[in-house]
Amino acid sequence: MPESNFKRFVEVGRVVLLKTGPSAGKIAVIAEIIDHNRAIIDGPTTSVPRQAYPYKHLTLTPLKLTGLPRGAGTGAVRRLAEKEALAEKWEKSAWAQRRTAIEKRRSLNDFGRFSVMLAKKQRRDVVRKAVHKAKKA
């Protein structure tokens, strides 16, 4: 059988990012699969309550809790998440860092955007001068 292109599957222990709802932007773990449309998620370390959630409001991440049994309770999910340092792994991922950078940029006021523009101009000038100097040499 040929190898699949898909790497992220809906499975017990898969870490998901919530797209909508009051916990949007937080991560949780699939604790149990209900049917083809919903799963029970739990995020005890990220203050996401245990609840049924539709797949269309979840984004699967590459992270996974290994050894999580089906239908595991909140305590078991918390222990495994702390043991595998799930929150730290997520914060170190490029995906999470990009989300925080976008959020930081969105929260800037007019003066903050102006300061960013000036910093970019200064950086661009330094790079341009260095390239010009390198071409001369």
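Below are the figures for this structure:
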{"read-out": "Any hit, region 52-59, residues being modelled with pLDDT under 95, among the polar types (S, T, N, Q) and out of contact with any helix residue (DSSP H, G or I) (no Cβ under 6 Å at 6 or more places or on another chain)", "value": "no"}
{"read-out": "Condition broken by Phe6, with the remaining ones in (1) surrounded by 12 or more Cβ atoms within 10 Å (Cβ to Cβ); (2) more than 20 Å from Glu88 (Cα to Cα) satisfied", "value": "(1)"}
{"read-out": "When residues of region 35-66 are limited to those that are open to solvent by 70 Å² or more (accessible area, probe 1.4 Å) and either assigned to a loop (DSSP other than H, G, I, E, B) or not basic (Lys, Arg) (or both), the one nearest to Phe9 (Cα to Cα)", "value": "Pro62"}
{"read-out": "From the options Glu3, Glu11, residue that is free of Cβ contacts under 8 Å to residues at least 24 places away in the same chain, on the phi < 0 side of the Ramachandran plot and either β-branched (Val, Ile, Thr) or in a loop (DSSP other than H, G, I, E, B) (or both)", "value": "Glu3"}
{"read-out": "Any hit, region 22-34, residues being touching a strand residue (DSSP E or B) at 6+ places or on another chain (Cβ under 8 Å), on the phi > 0 side of the Ramachandran plot, open to solvent by less than 60 Å² (accessible area, probe 1.4 Å) and part of a loop (DSSP other than H, G, I, E, B)", "value": "yes"}
{"read-out": "Matching residues in region 95-137 - criterion: being of a type in the set (A, V, I, L, M) and more than 22 Å from Val48 (Cβ to Cβ)", "value": "Ala101, Leu108, Val116, Met117, Leu118, Ala119, Val126, Val127, Ala130, Val131, Ala134, Ala137"}
{"read-out": "In region 67-121, the residues that are under 21 Å from the mean Cα position of the chain (by Cα), open to solvent by less than 100 Å² (accessible area, probe 1.4 Å) and more than 29 Å from Ile41 (Cα to Cα)", "value": "Ser107"}
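Residues checked against (1) small (Gly, Ala, Ser); (2) modelled with pLDDT of 95 or more; (3) touching a Gly at 6+ places or on another chain (Cβ under 9 Å):
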| residue | (1), (2), (3) |
| --- | --- |
| Ile40 | no, yes, yes |
| Gly43 | yes, no, no |
| Gly67 | yes, no, yes |
| Ala72 | yes, no, yes |
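The values are calculated or read from the model by the stated rules, or taken from the named source; none is laboratory data. Given the structure is predicted, the values throughout are model-derived calculations rather than measurements. For neighbour counting, all protein chains shown are included, and Cβ atoms are generated from backbone atoms with ideal geometry for every residue, glycine included. Heads up: the accessible areas ignore ligands, DNA and RNA and are worked out on the full protein's heavy atoms, side chains in. Shrake-Rupley method; radii C 1.70, N 1.55, O 1.52, S 1.80 Å.
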